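Please treat every number below as a calculation from the coordinates, not as lab data. Predicted model, so just to flag it, every value in this text is computed and none were measured. Counting neighbours? That spans all protein chains shown, and the Cβs are built from the backbone with ideal geometry, glycine included.
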Amino acid sequence: MAEKKPLTGMPCEEFTQLASSGHEKPVGFRNRLRMLWHQIECVYCRRFLRQLKRIHGLLAQPEPEKPMPGEMRTKLHKHLGDR
């Protein structure tokens, strides 16, 4: 896994750092190309990127319009408290 890939010379650690920070600041063209080639080579980083996109998508969703009903909340707390 965390090894330098032959085509890009990019270790998985560098890929994950660039992918994570890429949502906050733009990644340069050269690094985007290196990341693309790294994704082709590395199944683990492809999975990481898919998970990262999913997390960002979930965080971008609006809050639910209706709050959870009190009875359901009580049942849920009781059920989770029993564990």
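List of remarks:
- Spin-label model distance (nm) - K66 vs E13, 7 Å beyond Cα toward Cβ: 5.0 nm
- Taking the C-alpha atoms only, the angle from helix 70-81 to the longest principal axis of the chain is near 70 degrees.
- Helix-only CD estimate at 222 nm, as mean residue ellipticity for the chain, using -39500 (n - 2.57) per DSSP H run (n ≥ 4): -20500 deg cm²/dmol
- Computed FRET value (nearest 0.05) for L76 with K53, which takes r as the C-beta separation and R₀ as 25 Å: 0.30
- Partnerless Cys - the chain, beta-carbon criterion under 4.7 Å: C12
- Over the chain, relative contact order from alpha-carbon pairs under 8 Å, at least 6 apart, %: 26 percent
- Loop-located GluC sites (Glu not before Pro) in the stretch 12-68 (DSSP state other than H, G, I, E, B) with a sparse environment of at most 15 neighbouring Cβ atoms within 10 Å: E24, E65.
- For M10, the amide hydrogen comes within under 5 Å of the amide hydrogens of K5, counting only partners 5 or more places away or on other chains and with H modelled in the peptide plane.
- The angle between the Cα long axis of helix 43-60 and the main principal axis of the chain comes to about 40°, on a 0 to 90 degree scale.
- Per-residue Karplus couplings for the stretch 26-41, computed as 6.51 cos²θ - 1.76 cosθ + 1.60 with θ equal to phi - 60°, are listed in order as x, 9, x, 4, 4, 5, 4, 5, 4, 5, 4, 5, 5, 4, 5, 7 Hz, Gly and Pro entered as x.
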